[in-house]
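Just below is one structure, and these are the notes that go with it.
The values are calculated or read from the model by the stated rules, or taken from the named source; none is laboratory data. Here the structure is a predicted model, which is why all the values come from computation and not from measurement. Using ideal geometry, Cβ is built from the backbone for each residue, glycine included, and neighbour counts are taken over all protein chains shown. Surface areas here come from the heavy atoms of the whole protein model, side chains and all, with no ligands, DNA or RNA. Shrake-Rupley method; radii C 1.70, N 1.55, O 1.52, S 1.80 Å.
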Amino acid sequence: MATEIYTGFGFDSHAFEEGKKNIVLGGVEIPFEKGVKSHSDGDVLIHALIDALFGAAGMEDIGAHFPDTDERYRNISSLILLDKTVVLLKERGYRIVNADFTVIAERPKLSSYGAAVKRTLASRLQVEEGRIALKAKTAEGLGFVGEGRGLAVFANVLVRKDG
Ligand code: MG
């Protein structure tokens, strides 16, 4: 059987929360005067990535596999959820080819953390760092992101299944 390839797309957004500090993005803690409102660690990038991976494999979404009503997932590191996702895909014969992200946030500035995020994701997805692409954009002052009330991430992945 020939190699089959599938794309997957994911999106996530979270509101910032006063009284918390620092955000976790792609498994990397980034200093910020606010935190993220979330049941887990609020890693928007990994949540978008997990949805993209499940989407590529035709396996529903993050909420179906890791419901936010489940106490086991309270404050859990999203890296653990990502590892579980990679295992679930592997069990079905899928290997990750590449992942491409766009992060939309007015603040904090993410440029100094891009290399660390790529390194972390490459190791978790078991791909070379060159297969992880990360772009950061602002929303030009528009909407909830532009008003500094939260951040959003789009993720696109390609997976392969070798016959
Ligand atoms: Mg989320």
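A few notes on this one:
- Beta bridges assigned by DSSP with both partners in the stretch 87-163 are antiparallel in approximately 60 percent of cases.
- Fraction of beta bridges assigned by DSSP in the chain that are antiparallel (%, nearest 5): 80
- Loop sites in the stretch 1-78: GluC sites (Glu not before Pro), DSSP, at most 10 other Cβ within 10 Å: Glu18
- Choice from Thr120, Thr138, Thr69 with maximal GNM fluctuation in the chain (Cα, 10 Å cutoff): Thr69
- Listed by chain and number, the aspartates and glutamates whose alpha-carbon sits under 13 Å from that of Lys137, ignoring those within fewer than 8 places in the same chain, are Glu106.
- Set of the stretch 133-153 residues, backbone N closer than 14 Å to the point 7 Å along the Cα-Cβ line of Ser111: 135-138
- Portion, in percent, of the accessible area of the stretch 48-163 that falls on carbon or sulfur, probe 1.4 Å: 48
- Computed accessible area, Phe9, all protein chains, 1.4 angstrom probe, square angstrom: 130
- Per residue solvent-accessible surface (Å²) - the stretch 9-118, probe of 1.4 Å: 46
- Lysine pair count for the stretch 1-131 (Cα-Cα distance under 23 Å; residues 8 or more apart in sequence or on different chains): 13.
- FRET efficiency estimate (nearest 0.05) - Cβ-Cβ, Asp100 to Ser123, R0 22 angstrom: 0.80
- Remark on Glu29: its backbone amide H falls under 5 Å from none of the residues 5 or more positions apart or on other chains, H modelled at 1.01 Å from N.
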